[in-house]
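What follows is a single structure, written as structure tokens, with notes after it.
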Amino acid sequence: MSDLVHDIPATDSGPVLRRLSVLDRWLPAWILAAMALGLLLGRLVPGLAAALDAVKVGSVSLPIAIGLLVMMYPVLAKVRYTDTGTVLRDRRLMVASLALNWLVPPAFMFALAWLFLPDLPEYRTGLIVVGLARCIAMVLIWNDLACGDREAAAVLVAINSVFQVLAFGALGWFYLQVLPAWLGLPTTTAGFSAGAITASVLVFLGIPLVAGFLTRTVGERTRGRDWYESTVLPRIGPWALYGLLLTVVVLFALQGRTITERPLDVVRIALPLLVYFAVVFSAGMVLGRALHLGYPRTTTLAFTAAGNNFELAIAVAIATFGVTSGQALAGVVGPLIEVPALVGLVHVALWARRHFPGDTNHQEIHP
């Protein structure tokens, strides 16, 4: 957010919202318009979905990959990497993040999937896969819009990426086979590709992370931090939201026909997702405040816990169960609900700042 300045009182979200650029302030409207445009294009333009999906990075459509990379690069170029050491030393944040990402959300999504979709095994499995895919991309956008701690977000996303490679397959086996068998429920056999998961992490986090780090390092060494943050960041900052909107358009163009032809199925999948985002985000905010993490890191904790890696969930569902499967549709409905839901939670977070006393009253918001 290139317009934000220093010393914005945390007791009032109004000034924060008024200082946003036109693009930032009207983001919900732009996202809804992008979703509608994508759905219309996917529905009305013959062969568009096949053309967009013809070229891939791993198992993800190239246009989506481009959108994600454009979206993440400016955010990661804003991170002050020399300040990340303090994040790693914050044991309360580290333990809380690991618990909220890898213990609570997968178990909670498992429970919601069985509660809301007991008669629809394909959608149920797709939701469980979504719950296992921890966010490593869009969470940086939501965290930035909500004035969260950028350095903490970069560190937590990196940790999630490592855990994703190591734990995704094991958790899938546990929640699709072991736990259902213990509870006397039907099980699902699924073999997840470790290579696809690793490739997703390396492409969608590794490339923009290296690019962002090099941009800041070179910029600060050649002209200084003040010049870099006052000149470079305002120029590249808006591209994060351009990338987000491109990603949304392409994603919904790819699945426009499927979504519009099965609206009742979309509604049934959407209900547990709405509950999931609201409850997990609220749990993160409450836990962060109870641990006295302060508003910026509490917000980062909440968004990294509530967000999901939809591109990985969709790729895994398609590779494992097929492009026309119910599991793939559940993965597609994920961002359909997540994007507007987390945009709404950005406003909830900004409103909640007034309930974080002390050191957040005059939090420094760097460009």
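Please report, in debye to the nearest 20, how large the charge dipole of the stretch 200-297 is about its Cα centre when each Lys and Arg carries +1 at its beta carbon and each Asp and Glu carries -1 there.
So the dipole magnitude of the stretch 200-297 works out to roughly 140 debye.
Whole-Hz ³J(HN,Hα) for each residue in the stretch 345-356, computed from phi via Karplus 6.51 cos²θ - 1.76 cosθ + 1.60 with θ = phi - 60°, x for glycine and proline: what do you get?
Per residue, the Karplus-derived 3J(HN,Hα) values read 5, 4, 5, 4, 4, 4, 5, 6, 4, 5, 9, 10 Hz.
What is the Rg over Rh value, at two decimals, for the stretch 13-356, using alpha-carbon atoms and the Kirkwood definition of Rh?
Dividing the radius of gyration by the Kirkwood radius yields 0.95.
Rank the residues PHE252, PHE163 as a footprinting-exposure proxy: fewest other Cβ atoms within 10 Å of their Cβ go first.
Exposure proxy ranking, most exposed first: PHE163, PHE252.
By counting other Cβ atoms within 10 Å of each Cβ, how are TYR81, TYR175 ranked from fewest to most?
Placing the least packed residue first, the sequence is TYR81, TYR175.
For a quick check: with amide H placed at 1.01 Å from N, whose amide H comes under 5 Å from LEU117's, ignoring anything fewer than 5 positions away on the same chain?
none
Place the peptides 117-128, 328-339, 261-272, 232-243 in order of packing, highest mean first, counting for every residue the other Cβ atoms within 10 Å and averaging per peptide.
By packing density, highest mean first, the sequence is 328-339, 117-128, 232-243, 261-272.
How much net charge surrounds LEU291 when only other residues with a Cβ under 12 Å from its Cβ are counted (Lys, Arg +1; Asp, Glu -1)?
So the environment of LEU291 carries a net charge of +3.
Every number in this text was worked out from the coordinates using simple rules, so none of it is lab data. Remember, predicted model here, so these are calculated numbers, not experimental data. Reconstructed Cβ throughout: ideal geometry from the backbone, glycine too, with neighbour counts over all protein chains shown.
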